[in-house]
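Below: the structure, in structure tokens.
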Amino acid sequence: MENRTTVLYVDDNPKSSRLLTSVLEECGFRVITKNDPVEALALCKRTYFDLALLDYEMPLMSGSQLARKIKFLVPDVPVVLISGRAALPATELTFVDAHFGFGTALDDLLWTMRILVRPKVAIADHADHHHAGRHHADQREMTQWADST
């Protein structure tokens, strides 16, 4: 069984998409890439993935709109939104678990993606108390990180 984290990555810019897909795969993620948000939404109905990574500015449907639709279909899947803007209005982030904009370090994005997915693995393994304890530590780390930003 594949134990890599599967990321649904939706970005209408093929060049950006190829570059970030390559980096994510090099870092151990399995990446399903779509350049059309409507196609990505159809894929959500028939394909399993651990995390959605969405570009904010896309034609037909923004990343925020796609996030809302994904959360309706698979509510437990974390959604990370990336944009070329330093900040977005809170209303655009309602269905988003993390936003990374202009000036974001790649390491921060990768770390957050791993943290958002890792607790699900820990919860699934009730027999291993070490993992369960690690889950709570991860939650504390995420809360501390969120409080410091």
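The values are calculated or read from the model by the stated rules, or taken from the named source; none is laboratory data. Bear in mind that the values here come from a model prediction, so they are computed numbers and not experimental data. Glycine also receives a Cβ, built like all others from the backbone with ideal geometry; neighbour counts cover every protein chain displayed. Surface areas here come from the heavy atoms of the whole protein model, side chains and all, with no ligands, DNA or RNA. Shrake-Rupley method; radii C 1.70, N 1.55, O 1.52, S 1.80 Å.
A compact table of results
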| item | result |
| --- | --- |
| One residue from Asp36, Asp12, Asp55 being out of contact with any Phe, Trp or Tyr (no Cβ under 8 Å at 6 or more places or on another chain) and under 16 Å from Val79 (Cβ atoms) | Asp55 |
| Region 66-90: number of residues that are over 21 Å from Arg118 (Cα atoms), free of Cβ contacts under 8 Å to residues at least 24 places away in the same chain and of a type outside the set (A, V, I, L, M) | 2 |
| Residues satisfying the stated conditions in region 5-46, i.e. open to solvent by less than 60 Å² (accessible area, probe 1.4 Å) and assigned to a helix (DSSP H, G or I) | Ser16, Ser17, Leu20, Thr21, Val23, Leu24, Pro37, Ala40, Leu41, Ala42, Leu43, Cys44 |
| In region 36-56, the residues that are touching a helix residue (DSSP H, G or I) at 6+ places or on another chain (Cβ under 9 Å), under 20 Å from Met113 (Cβ atoms) and not hydrophobic (A, V, I, L, M, F, W, C) | Pro37, Asp50, Asp55, Tyr56 |
| When residues of region 17-45 are limited to those that are among the charged types (D, E, K, R) and without any contact (Cβ under 8 Å) to a residue 24 or more places away in the chain, the one nearest to Arg4 (Cα to Cα) | Glu25 |
